[in-house]
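One structure is given here, and the rest of the page talks about it.
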Amino acid sequence: MQSSYRPVISATGLFTPEESISNEELVASFNAYVERFNARNAEAIAAGEVEPLEPSSVEFIEKASGIKARHVMAKAPVLDPEIMAPRWEERPNEALSILAEIGVAAARDALSRAGRDAADVDAVLCAASNMQRPYPAMAIEIQQALGIEGFGFDMNVACSSATFGIQTAADYIRAGNARSVLVVSPEITSGHLNWRDRDSHFIFGDVATAVLVEDAAIAPAQHWDILGTRLKTVFSNNIRNNFGFLNRAHPETADQPDKLFVQQGRKVFKEVVPMVAQMILDEAGRLGIDPQALRRLWLHQANTGMNRLIAHRVLGHEADEDESPTVLDTYGNTSSAGSIIAFHLHSDDLEAGDTGLICSFGAGYSAGTVFVRRMG
Ligand code: COA
């Protein structure tokens, strides 16, 4: 039987950290670290016992990824060649934790755009690639800070967390278990990025997004119909992070680089592009949507080359910025938040009846599609 409840996106919200690091600043810090490392290890390097480190380059970063800058929660320690990690005061349990704080900021933005009182929200899903702690759930802390009754829980599907969250919220609404659900994606990726790794030190940035998914009956007149969602996961070790509390079982390896983000970037590129393009085409076919007629693609923001290829396969021609907008240049890869930032910043100009696609992909592998149509 067809459900009488119809999930839509009422609004989205964005929190952008004030501080930003340009490629020039990032590379200067990285190369200072490389120089110091090589000087400190000069004898061992000369004896062939230690491999010298290679410098990074602004040109490589921009050409390989399209990233020019990234926002971070703590710029100075990340750029300090002796630290190269975020640092801030540890907060007492009574204070709002930092991940919840930026999630709340994005959620408030979404609520105010929808004209929604937090008291009328039924659930909070904190959908992000890195939680600050195992429990209590970040979502419950965000729920409490916003004054929401009902329930909240955390879900982690890496870069696809937000689209998986949207489908989960939409399913709650279809089933009548909730009428208004906040999907919050606070991504402090600077905490899991290895800023000393030349292959990946430029990739990530910090941000938080929120998506308010509601039953059409209570949504504002101007909203986005959710035409269909599809999720896919296929196990892969090509993007991996082994950090976790079971690392206590083998403390001798606790500081090794595999306890932060590591990837086989080339393999990811080659395997994920065809998987995602095919998934989009299959889902468009299932929904009776002509992919070439899609007004806009809000793709996951990991790499401009990947997005160009995926958009080309979907639209049948080279996509321009209007068809497939980029936010990666100033935000970097913001994990699950990327496609939501693109949607948030580049959707106001669409007209009623226009159809577009929010699409994520990343570690797992995981991928999610959300086809939407502008209403009102
Ligand atoms: N500065 C200068 N040169 C660098 C460098 C840096 N920071 N990092 C790597 N290089 C060099 C390498 O040493 C290599 O040199 P070689 O050819 O002499 O061996 C060369 O650049 C190419 O390295 P490679 O890692 O193969 O680069 P790439 O062109 O594949 O680009 C990624 C790397 C990560 C940007 C790219 O593979 C990518 O974006 N993949 C998609 C995956 C992704 O973004 N995942 C994120 C999670 S969803």
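FYI, it's all coordinate maths here, none of it is from the lab. The model shown is predicted, which means the values in this text are computed figures rather than measured ones. Because the Cβ atoms are built from the backbone with ideal geometry, glycine has one as well, and the counts that use them run over all protein chains shown.
Here are the numbers for the structure shown:
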read-out	value
Cβ-placed point charges (K, R +1; D, E -1), dipole of the chain about Cα centre in debye, nearest 20	940 debye
Shape category assigned to the stretch 1-124 from the gyration tensor of Cα positions, a/c cut at 1.5	prolate
Highest to lowest packing among 269-281, 298-310, scored as the average C-beta count within 10 Å	298-310, 269-281
For the stretch 97-250: span of alpha carbons on each principal axis (Å, largest first)	51, 32, 30
Of Val27, Val183, Val124, the one that fluctuates the most in a GNM where the chain has Cα springs shorter than 10 Å	Val27
Protection proxy ranking of 353-365, 328-340, 72-84 - average other beta-carbon atoms within 10 Å, highest first	328-340, 353-365, 72-84
Counting DSSP beta bridges with both ends in the chain, the antiparallel % (nearest 5)	75 percent
Dipole of the chain, positive end: most advanced residue of Ala145, His300, Ser4 [Cβ charges, Cα centre]	Ser4
Stokes-Einstein D (µm²/s) once Rh is taken as the Kirkwood radius of the chain over alpha-carbon pairs, at 4 °C in 1.567 mPa s	61 µm²/s
All-pairs Cα distance distribution in the stretch 72-118, expressed in whole percent, bin size 10 Å	23, 32, 29, 13, 3
Under-5 Å amide H pairs with Gly228, H placed in peptide plane, nonlocal only	Phe371
Highest-first arrangement of 236-242, 188-194, where packing means the average Cβ count within 10 Å	188-194, 236-242
The chain - mean residue ellipticity at 222 nm from DSSP helices (-39,500 (n - 2.57) per run, n ≥ 4, rounded to 500)	-10000 deg cm²/dmol
The stretch 145-211: C-alpha gyration tensor shape, a/c 1.5 cut-off, then a/b vs b/c	prolate
